[in-house]
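None of the figures in this text is laboratory data; all of them are computed from the coordinates on show. The shown structure was predicted, so the numbers you read here are calculated from the model rather than taken from an experiment. No Cβ is skipped: glycine too gets one built from the backbone with ideal geometry, and neighbour counts run over all protein chains shown.
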Amino acid sequence: MNYSLNSIPERALKPRERGYTMAMDKGLSIREVEDFIEVAGEYTDIVKLGWATSYVVPNLQKKLDVYRAAGIPVYFGGTLFEAFIVRNQFEDYRRLLDKYQMTYAEVSDGSLEMEHEVKCNYIRNLSEQVTVLSEVGSKDDTKIIPPYMWIRLMQAELDAGAWKVIGEAREGGNVGLFRATGEVRSGLVEEILTKIPFEKILWEAPQKSQQVWFIKLLGANVNLGNIAPSEVIPLETIRLGLRGDTFSHFLDMENSNLKG
């Protein structure tokens, strides 16, 4: 940090299991990646190449090399995995991971109907090759999954070998965990947390109001994803109580602890 301030929440240090920030690269140029890393690399734990943008983006290998040189892992979006699966190209997908020396992969079924045991088998197979993040939830805003099923799916995917489970929200933050307005389905989140450890969940929360909600609920070291590269620094200030949205939150908590 550039100077000292008292009563700042303690952040887990990289490499970390909690307090994760996953940024979404939706087609940054190499120069933009370099600028992003210069400014926000310290606060970025992992980068997702959104959905199947890696198929069309130019200079993919050079981009991956820039991230790798900065020590920031990258993975392909889950929609790309689904695009391979629906075309019966799972082995081609595995070879793709090897070709680009990927150490993480996302398994999802947000756009593709898939038996859950089949999905878990993909997780088991890929976890022998890479670290797997599995995404739970649908990209179809008309498909409402009840809380007990979110819990059942998440636990089964963790048991199958997923390192973390991702709560679906899309890049807009208007499906899955959220209503069409972007409002958090708070009862759903709180019920999930009664069974699934918070450090094992990466909540997709692209909107500032969503980030604030999760930080107030779970603290500075909640795992958050689908963060726009330009929003990583603002998010870190929210985590630290240095933006108006959480300015008093952590101070009030500390004063409450002192009184207690």
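On the Cα set of region 143-204, report Rg and Dmax in Å, please.
Answer for region 143-204, Rg first and Dmax second: 11.2, 33 Å.
Enumerate the amide H contacts of Arg185 below 5 Å, restricted to partners 5 or more residues apart or on another chain; note that Pro and chain-start residues carry no placed amide H.
Amide H neighbours of Arg185: Phe178, Arg179.
Which three lengths, in whole Å and largest first, does region 15-156 cover when its Cα atoms are put on their principal axes?
Ordered largest first, region 15-156 gives principal extents of 42, 33, 30 Å.
What do you get for chymotrypsin sites (Phe, Trp or Tyr not before Pro) in region 1-64 restricted to DSSP loop and a cutoff of at most 14 other Cβ within 10 Å of the site's Cβ?
Tyr3
What does the charge count around Glu32 come to, taking other residues whose C-beta lies under 11 Å from its C-beta (Lys +1, Arg +1, Asp -1, Glu -1)?
Spelling it out: positives minus negatives among the neighbours equals -1.
So, in nm, how far is label Asp65 from label Leu217 when the simple model puts each one 7 Å beyond its Cα toward the Cβ?
Rounded to a tenth, the inter-label distance reads 4.3 nm.
Under Stokes-Einstein, with the Kirkwood radius over Cα pairs standing in for Rh, what whole-number D in µm²/s applies to region 21-259 at 25 °C and 0.890 mPa s?
Approximately 133 µm²/s, per Stokes-Einstein.
Quick one: which residues, 5 or more positions from Ile166 or on another chain, have an amide H under 5 Å from its amide H? H modelled 1.01 Å from N in the peptide plane, none for Pro or chain starts.
Result for Ile166 returns Ser134, Glu135, Val136, Leu202.
Output the antiparallel fraction of DSSP beta bridges having both residues in the chain, as a percent to the nearest 5.
Of those bridges, close to 5 percent are antiparallel.
Which longest run of the chain has no exposed loop site in it, a site being GluC sites (Glu not before Pro) in a DSSP loop with at most 16 other beta carbons within 10 Å, and the site itself not part of the run?
Longest gap between qualifying sites, sites excluded: 18-112.
Across 10 Å bins from 0, what is the distribution of all Cα-Cα pair distances for region 1-98, in whole percents?
Here the calculated profile for region 1-98 is 14, 40, 29, 12, 4, 1.
May I ask you to list the trypsin sites (Lys or Arg not before Pro) in region 8-42 that are in a DSSP loop and have at most 16 other Cβ atoms within 10 Å of their Cβ?
Arg11, Arg16, Lys26
Using the Karplus curve 6.51 cos²θ - 1.76 cosθ + 1.60 with θ = phi - 60°, what ³J(HN,Hα) values do you get for each residue of region 191-204, in whole Hz, with x for Gly and Pro?
Calculated HN-Hα couplings, in order: 6, 4, 6, 6, 10, 10, x, 5, 6, 8, 10, 10, 8, 6 Hz.
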